[in-house]
Every structure is written in structure tokens, then in C-alpha cells.
Amino acid sequence: MTALQAAALWSGLSILLLVVLSFRTIFTRKRLGVSFGDGGHAELTAASRAFGNAAEYIPPCLILLVLMAGLGFQPVWVHLVGGAMLFGRILHAWGLGRARQPSFGRMSGMILTQLSLVGGAAALIGRAFGAL
């Protein structure tokens, strides 16, 4: 698998996660009869924030993956960053749905997401200066 194929894999999976989280929000809205906002329902707040947070963090990660692939990083690095980001987003979304907050999933998901962003950004900066 090439680095670009690795970026395509993690991009496709991340987009599917966004769709799943979107449907979860839509179906929760329908079931609770809320068309706008959260209607005071913690479950809807959690579902919409899980989608919103994913929608905020996934696009920069996808850009990062494509840039890594385009700059010639080995596929293993694209897989590490993409896998950590996706697993982090899944953990975070799951953790937001837990009754007790802050939950393990929410915290560990954010840590994985931030590590993938910082690690990938450092790799891109290093490559830009010829260090990597």
C-alpha cells in the first residue's frame, strides 16, 4: 500500500465516522422531537457535540495525511497518524455518551487526537526544513 492509499483509507474511514455520528444526532433529534438546539436533553447535547467535535478535528487531520503522503512519508507513518486520529475520534464520541464526565473515552480520545495532530504537524514542519 502506498502512502496515498493509506491516506485514502483513513480519510474514507473518517468520513464514514462523520456520517455515523451525523445519523446518530439526526435519529436522536427525531426520537426526542427536537428540531433545533438540544431541547434540554443531555443525550442530544452529547450526540451533537460528538459529531461537532469530529467535524472540527477530522478535516485538519485529513489535510495532514494527504500532505504527508504527497511529501513522500512512508505509509507506516500515515497509518500511525491516521489510525491514532480515527481511534481517538471514536473513543471521544463514545466517551461523550457516558453518564459520568469526564470519561476515560473522552479524555483518551482527545489525547490521541492531539497527539496525532501534533506529531503529524511536527513531521510536516521537519520535512519542510529538510530534517525528515
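None of the figures in this text is laboratory data; all of them are computed from the coordinates on show. For clarity, every value in this text was computed on a predicted model and none was experimentally measured. So basically every Cβ, Gly included, is an ideal-geometry build from the backbone, and we count neighbours across all protein chains shown.
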Nearest 10, in degrees from 0 to 90: the angle of helix 42-70 to the longest Cα principal axis of the chain is 10
Between the Cα axis of helix 104-128 and the main Cα principal axis of the chain, the angle (0 to 90°, nearest 10) is 30
Taking the stretch 92-132, the equivalent ellipsoid from its C-alpha gyration tensor has semi-axes in Å, biggest first, of 32, 6, 5
For P(r) over Cα pairs in 5 Å bins from 0, in percent the list reads [x] 2, 12, 20, 19, 16, 12, 9, 6, 4, 1, 0, 0; [y] 2, 9, 16, 18, 19, 16, 12, 7, 1, 0; [z] 2, 11, 21, 23, 17, 12, 8, 4, 2, 0; the calculated value is entry [x]
Under the 7 Å Cα-to-Cβ spin-label approximation, Arg127 and Ser108 lie apart by a distance in nanometres of 2.9
Counting Lys and Arg as +1 and Asp and Glu as -1 over every other residue whose Cβ sits under 10 Å from the Cβ of Ala93, the net charge comes to +4
For the stretch 31-75, the percent of all C-alpha pairs falling in each 5 Å bin, from 0 up to the bin holding the max distance, is 5, 19, 18, 13, 10, 10, 8, 7, 7, 3
Taking 0.36 nm per residue of separation between Trp94 and Ile63 and subtracting their Cα-Cα distance, the length gained on full extension comes to 8.7 nm
Counted neighbours (other Cβ, 10 Å), sorted fewest up, put Trp10, Trp77 in the order Trp77, Trp10
What helix-only [θ] at 222 nm does the chain give? Using -39500 (n - 2.57) per DSSP H run of at least 4, over all residues, to the nearest 500, the answer is -28500 deg cm²/dmol
One finds, for Val20 and Val118 with R0 = 30 angstrom and r their Cβ-Cβ distance, a FRET efficiency to the nearest 0.05 of 0.70
The extension gain from Leu71 to Gln101, computed as 0.36 nm times the residue separation minus the Cα-Cα distance, is 6.8 nm
Between the Cα axis of helix 3-32 and the main Cα principal axis of the chain, the angle (0 to 90°, nearest 10) is 10
Among chymotrypsin sites (Phe, Trp or Tyr not before Pro) in the stretch 81-132, those in a DSSP loop whose Cβ has at most 14 other Cβ atoms within 10 Å are Phe129
